[in-house]
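Below: one structure, written as structure tokens.
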């Protein structure tokens, strides 16, 4: 699963998610893509589950690009713990998604296959998405 | 080379408030600059007309006869088109005035033609670059370049130097830059689970311990 090899700080603050994606909002590699339409956190498990769903469907045809990388640690306090006594330990890695961000790109398959593969992938993701394609294919 | 007429109105108000009002009324804020213009001129364009022009076969590479109200006609090209990240609508346009006797640098789309031989063996057509930069006179700008991939097998590729350029055109990109290649399909590798990683680490630790013990015995 995707995660940084080393980090400068083990625990991050949660931050805000306002605004639209200004970077990573256009198709740069493939002909088809999956675009987020709302904001949220995408965890490394979700990214991996969606990738597996897509690769299993397209089998050995086509290429997939993952356009996001989870580099933000999320902490969690253990179950049945009283409040206080400091911040919990790092549990997961997430990427902050803003509306318009491309999550995956695909090439080397027909539009029908790409649509179905992205539909399966979208079921694994906690953020609403839409299918997009290059204007001149 | 296509030449299209486009009418524009000059605008005095700038900033996000007036720009939003313009967009709501179906217009697109734009800016015009070039060697014959002092500074930049702020104008507004018709959104529907603009959308039609940008969807021609040449993409944005069209010469536009810009008719700004109360000013002389100018020949311009699209320098930059800013789109909304979610809706895809045109937010802003940069127009560059061009001189017909001066060479300019443009990006021309490359289209793939034919079915590669490598596809029969499970290969995938991977287009690394979709546009190449060329230098030419404004009247010589091609709509697109067609690249025939029919003879390509798995592992073979076509480069910038393989594109047949007409007289008066010069490619500015590296001649060895790959445009399209036929790549072998990659088998899916199952990701390691946390238990597998732990088992591997434990195994390597045991091996190290055994090696240490043997050294001590010797």
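If you take the Cα centroid of the stretch B:1-55 and the Cα centroid of the stretch A:45-94, the two points sit 44 Å apart. Name the residue, out of B:24, B:73, B:65, whose mean-square fluctuation peaks in a Gaussian network model built on chain B with Cα pairs under 10 Å. Largest GNM mean-square fluctuation: B:24. Restricting to chain B, compute how many DSSP beta bridges are antiparallel as a %, nearest 5. Counting only bridges with both partners in chain B, antiparallel ones make up about 70 percent.
In deg cm²/dmol, rounded to 500, what helix-only [θ] at 222 nm does the protein assembly as shown give when every DSSP H run of at least 4 residues adds -39500 (n - 2.57) and the total is split over its residues?
-6000 deg cm²/dmol
Please give the helix A:111-122 orientation as an angle from the longest Cα principal axis of chain A, in degrees from 0 to 90, rounded to the nearest 10. Compared with the principal axis, the helix lies near 10 degrees.
Between rounded, prolate and oblate, where does the stretch B:72-155 land on the alpha carbon gyration tensor, with a ≥ b ≥ c its root eigenvalues, rounded for a/c under 1.5, else prolate if a/b exceeds b/c?
oblate
From least to most packed, judged by other beta carbons within 10 angstrom and beginning with the fewest, A:51, A:82 follow the order A:82, A:51. A Gaussian network model of chain A, with springs between Cα atoms under 10 Å, assigns the largest mean-square fluctuation among A:54, A:83, A:106 to A:83.
Ordering B:149, B:68 from the fewest to the most neighbouring beta carbons within 10 Å gives B:68, B:149.
Here is the size of the stretch A:60-137 from its Cα atoms: Rg then Dmax, 17.9, 58 Å. Rounded to two decimals, the Cα-based Rg/Rh of the protein assembly as shown, with Kirkwood Rh, is 1.08. Rounded to the nearest 10 degrees, the inclination of helix B:194-217 to the longest alpha-carbon principal axis of chain B is 40 degrees.
Where the eigenvalues come from the Cα gyration tensor of the stretch B:3-98, what are the semi-axes √(5λ) of the equivalent ellipsoid, largest first, in whole Å?
Over the Cα atoms of the stretch B:3-98, the semi-axes work out to 19, 17, 12 Å.
The ranking of B:33, A:32 by Cβ neighbour count inside 10 Å, starting from the fewest, reads B:33, A:32.
With contacts taken as Cα pairs under 8 Å at a separation of at least 6 residues, the stretch B:104-183 carries a relative contact order of 41 percent. Note on chain A: Rg/Rh from C-alpha atoms, Kirkwood Rh, equals 1.04.
Report, in degrees rounded to the nearest 10, the 0 to 90 angle that the Cα long axis of helix A:44-58 makes with the longest principal axis of chain A. Between the helix axis and the principal axis of chain A, the angle is about 20 degrees. Gyration tensor analysis over the Cα atoms of chain B returns equivalent ellipsoid semi-axes of 52, 27, 17 Å (largest first, whole Å).
FYI, it's all coordinate maths here, none of it is from the lab. The model shown is predicted, which means the values in this text are computed figures rather than measured ones. Glycine also receives a Cβ, built like all others from the backbone with ideal geometry; neighbour counts cover every protein chain displayed.
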